[in-house]
Amino acid sequence: VLGHRHTVQMCLLSLLICLPSFVAHPAKDALAELQKSTPADFMSWASNILNNTTAPHGMPKVMIIGDSWAAVVAIGGSESFFQRKLAEHGCYVHSVSLAIPGSTSNMWVTPLLLDALKFAVTAYRPD
């Protein structure tokens, strides 16, 4: 009887340890929702962004690349949070954001995305 009780206890403990990976979690749900907006064609995505931005002549250029944290820093209509904070300190730049909310490091090392980033850096020529 004692051996059976121990086996049942171990099975219950194993279930409790593994259960969180099977249960939906708000952070996992949010990540999955963000990943729905991942561009299907990285080269076209980068081209479209760059075609819709023009840096004033002589103004330093910054390219923001990353995940949702970078996207949060880079949003804000015609002037990003990043640009506003720099301007508050007398530093004026033109920035373009290639941030992809919901992206992960394994996505950023894929050949298709790396090729798109190389293209974007060559085309935009950040300082």
- Item | With all protein chains modelled, accessible area of D29 [1.4 Å, Å²] | 80
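Taking 30 Å as R0, compute the FRET efficiency from the Cβ-Cβ separation of W108 and M59 and round it to 0.05.
Working: r = 27 Å, r/R0 = 0.91.
Efficiency, from the Cβ-Cβ distance: 0.65.
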- Task: Check the straight Cα-Cα distances from K85 and name the lysines below 17 Å, setting aside those fewer than 8 residues away within the same chain.
- Result: K61
- Query: Where a Cα-Cα gap under 21 Å defines reach, which lysines qualify for K36, not counting those fewer than 8 residues away within the same chain?
  - Reply: K28
- Item | Pair L50, F119: separation of 7 Å Cα→Cβ label points (nm) | 0.8
- Message: Please compute the modelled spin-label separation between W69 and K85, points set 7 Å along Cα→Cβ, answer in nm with one decimal.
- Response: 1.1
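Using a Förster distance of 41 Å, how high is the FRET efficiency between K28 and V93, based on the Cβ-Cβ distance and rounded to 0.05?
With a Förster radius of 41 Å, E is 0.70.
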- Item | Long-range HN-HN contacts of S97 with modeled amide H, under 5 Å | I64
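The values are calculated or read from the model by the stated rules, or taken from the named source; none is laboratory data. Values in this document were obtained by computation on a predicted structure and should not be read as measured data. With ideal geometry, Cβ positions are generated from the backbone for all residues, glycine too; neighbour counts draw on all protein chains shown. SASA here: full protein model, heavy atoms, side chains in, ligands and nucleic acids out. Shrake-Rupley method; radii C 1.70, N 1.55, O 1.52, S 1.80 Å.
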